[in-house]
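For reference, the structure discussed in these notes is given below.
The values are calculated or read from the model by the stated rules, or taken from the named source; none is laboratory data. Only a predicted model underlies this, so the values are computations on that prediction, with no experimental measurement involved. Ideal geometry is used to build each Cβ from the backbone, glycine not excepted, and the neighbour counts take in all protein chains shown. When the accessible area is computed, the model is the full protein with side chains, heavy atoms only, and any ligands, DNA or RNA have been set aside. Shrake-Rupley method; radii C 1.70, N 1.55, O 1.52, S 1.80 Å.
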Amino acid sequence: MEKKDLYEKYPEIFSVDTNDKMPFALFGIECGRGWLGLLDELCADLVKIASDEGRPAPKVSQVKEKFGSLRFYVDAASDAMYARIDEAEDRSSKICEKCGKRGKTTEVDGWWCTLCPEHLAEYRNKSI
C-alpha cells in the first residue's frame, strides 16, 4: 500500500482544498510505510462510524509521527471517532514505522521512533 492509495480509497477524509494551508494540504501523510495499514484500518472505521452516526467523515488536517507514535488530527469528529483515533495512535507505538512489524518506541540519536529490531539495528549502525 502506498500513501496515494489511502488518498484514493478515502477521499472524504483526505480531500484537500487547493487553497488550504493546513499541514496535510502542504505535506500529505508524514509517516513511514509501516503505519499505512494502521491508517487504512483507522480510516475505514472512521467512515463506518460517521455513516452509523449519520454525519460526514472527518477531514484530516495533519497526519504525522511525533515522539515515536502516530498523530492523526481532524477538523471535527464525534467522541466515538476521537476514541478510535486515540486507539490507533496508541497502537502505533508498538508497530515499526518502517515495515509494519512489531516494534518498540526507543530513542535513537535524540529522536524517538518506533522500530522493529531489524530497523533499530540499521539505524544504530548508521549513527556509528
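Couple of notes before you dig in:
- Here F24 fulfils each of the conditions (1) loosely packed, with under 15 Cβ neighbours inside 10 Å; (2) modelled with pLDDT under 95 apart from (1).
- Among residues of segment 41-61 that are open to solvent by 10 Å² or more (accessible area, probe 1.4 Å), those with a beta-carbon under 7 Å from a residue that is of a type in the set (K, R) at least six positions away or on a different chain give the pairs D45/R84; I49/R84.
- Residue selected from segment 99-128 under the condition among the β-branched types (V, I, T) and surrounded by 15 or more Cβ atoms within 10 Å (Cβ to Cβ), by the criterion modelled with the lowest pLDDT: V108
- The residue list C96, C31 contains one member that is within 26 Å of A121 (Cβ to Cβ), in contact with a Gly (Cβ under 6 Å, 6 or more places away or on another chain) and either open to solvent by 20 Å² or more (accessible area, probe 1.4 Å) or touching a residue at least 24 places away in the same chain (Cβ under 8 Å) (or both), which is C96.
- If you check V47, V63, V74 for being closer than 23 Å to Y123 by Cβ, of a type in the set (V, I, T) and in contact with a helix residue (DSSP H, G or I) (Cβ under 8 Å, 6 or more places away or on another chain), only one passes: V63.
- Here E53, E41 are screened, and the one residue that is in contact with a Ser or Thr (Cβ under 8 Å, 6 or more places away or on another chain) and of a type in the set (D, E) is E53.
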